[in-house]
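Below is one structure, written out as structure tokens, with a few remarks after it.
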Amino acid sequence: MKIAIKNIGTIVSGDWRAPLIDGDSIFIADGKFSTVGKVTAEEIESCDLLIDANGTTACPGLIDSHVHNSFGDYTPKQQAVGFLQSYLHGGTTTCISASEIHVAGRPSDRKGVKALAVAAYKCFENYRPGGMRVHGGSLILEPTLEAEDFHELRKEGVWLAKVGFGSVRTPFDYEPLVRAAHEAGFTVNAHTGGASISLANSIYAEHLLAIKPDVAFHVNGGPIAMPDEDFERLIVESQIALQICQAGNIRTAVKCVNLAVDHNAFDRVLIATDTPTGTGMMPLGMIKSITEMATLTDYPAEWMIAAATGSAALTYKLETGFLRPGKIADLLLVDAPMGGSKKTCLEAIKHGDVWSLVASITEGVPRFIGRSRNTPPPMRTPKVVRSTVVQDFSTAQQFS
Ligand SMILES: [Zn+2]
């Protein structure tokens, strides 16, 4: 399918160092961005679907790098069905598993944790709820795992591992497991802050500096934050990515963003939700955190969008997260909400208002064009000008 989008008001790139792109149009062919900025008359002529963005803002689909999926579109924690499709209607087009810890009766033995990771990884390879991509199957690191287990799992496709829920004596015991995971090619996420379940240990900067994961999950607390003085240590003494979560402590989230900018480490700041958890199932969790970090700091909204898109893509080596030729075409059209005091999406976010989501395209396929079911009504609505595709795009597709 070839899609052309014209009359875009603002193009947000996903790269915080060059956050805005000149131009007003985008061309998508066969699931990837082909042109971003100035589309040719020939491209418009050749498209199957022509969308008039009507002055709305284009940005990459959001990547939530901390989602507690289980199997299917169901969260055991909040007993809610359809939460992933609901998150798509908040702007999340990619979810990364924070490990399948909410699966009822989840095993903790060596064979069991491996089987759970493989099953979750493979199920989500075949299932895209609402068109969303879910990277499922995050191996829960247990001290019974051997180096050969990591190589075996990589062969099956599993590439994520999680520190924080294993039966270790102290967090320092994770260090050899993380090393073995890295040697096999895993990306390792580590619980950060106060213990979130009774048997897990609190993990602070001294532990993370010794364990050396790739990402400090919910660095602002999940939901309880580590001591204030640990943030600067983590930023200055490591290259670990700093994941700010909606479910955490908002004061330490702001502190972490400010410290990261001060130390030229904003590349490492990621925005995620850490949901569904006890905090709830939050379809607007990503945009709430983007808005909070933009409105409570001195930095622009487009930087915070980058922390939820391009920076996450670089950290997790994904081919999404940027509006750039050659990247997988995950794109949102967003606008300032109706009834607010600001005229554009970026101004509204900086002001503290959440966006209005008016279109979602994933892997070059429109999932809806018009109004999201979860965000406020927009100032402007995009229109389908021409379509030769036999579908009206009015509702999200369950499967693809
Ligand atoms: Zn979590």
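Data table
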read-out	value
Net charge of Cβ neighbours under 12 Å - reference GLY9; Lys, Arg +1; Asp, Glu -1	-1
The stretch 1-40 and the stretch 265-309: distance between their alpha carbon centers, rounded to Å	23 Å
Residues with amide H under 5 Å from that of THR344, placed H, sequence gap 5 or more	none
Antiparallel %, DSSP beta bridges [both residues in the chain], to 5	55 percent
Computed over the stretch 62-283: relative contact order in percent, which uses C-alpha pairs under 8 Å that are six or more apart	19 percent
Choice from THR92, THR295, THR273 with maximal GNM fluctuation in the chain (Cα, 10 Å cutoff)	THR295
Percent accessible area from carbon and sulfur atoms, the chain, protein chains only, probe 1.4 Å	50 percent
Mean Cα-pair separation over length for the chain, i.e. relative contact order, pairs under 8 Å, 6 or more apart, %	21 percent
Dipole magnitude of the chain, debye to nearest 20 (Cβ charges: Lys/Arg +1, Asp/Glu -1, about Cα centre)	780 debye
Bridge type composition, the stretch 62-283 - antiparallel percent by DSSP, nearest 5	15 percent
Alpha-carbon centroid distance for the pair the stretch 321-335 / the stretch 167-192, whole angstrom	33 Å
J(HN,Hα) series, the stretch 135-144, from Karplus relation 6.51 cos²θ - 1.76 cosθ + 1.60, nearest Hz, glycine and proline x	8, x, x, 9, 5, 7, 6, 10, x, 7
Note, ³J(HN,Hα) from phi for the stretch 249-255, Karplus 6.51, -1.76, 1.60, rounded to Hz, x at Gly and Pro	8, 6, 5, 6, 5, 5, 4
Which listed pairs, of LYS327/LYS350; LYS255/LYS317; LYS255/LYS343; LYS6/LYS288; LYS77/LYS288; LYS162/LYS212, have C-alpha distances above 24 Å, in listed order	LYS327/LYS350; LYS255/LYS317; LYS255/LYS343; LYS6/LYS288
Long-range HN-HN contacts of ARG128 with modeled amide H, under 5 Å	SER400
Amide H partners (placed H, <5 Å) of THR56, local residues excluded	GLY9
Magnitude of the charge dipole, the stretch 88-241, Cβ model with Lys/Arg +1 and Asp/Glu -1, debye to 20	640 debye
For the stretch 81-195: relative contact order, % (alpha-carbon pairs under 8 angstrom, 6 or more apart)	24 percent
Net charge of neighbours whose Cβ lies under 11 Å from the Cβ of PRO378, counting Lys and Arg as +1 and Asp and Glu as -1	+1
Helix-only [θ]222 nm of the chain, DSSP H runs n ≥ 4, -39500 (n - 2.57) each, per residue, nearest 500	-7500 deg cm²/dmol
HN-Hα J in Hz across the stretch 231-241 - Karplus 6.51, -1.76, 1.60, θ = phi - 60°, x for Gly and Pro	5, 5, 4, 5, 6, 7, 9, 8, 10, 5, 5
Degrees between helix 285-295 axis and first principal axis of the chain (Cα, 0 to 90, nearest 10)	80 degrees
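The values are calculated or read from the model by the stated rules, or taken from the named source; none is laboratory data. Small disclaimer: the values here were computed from a predicted structure and weren't measured. No Cβ is skipped: glycine too gets one built from the backbone with ideal geometry, and neighbour counts run over all protein chains shown. Just so you know, the surface numbers come from the protein's heavy atoms only, side chains and all, with ligands and any DNA or RNA stripped out. Shrake-Rupley method; radii C 1.70, N 1.55, O 1.52, S 1.80 Å.
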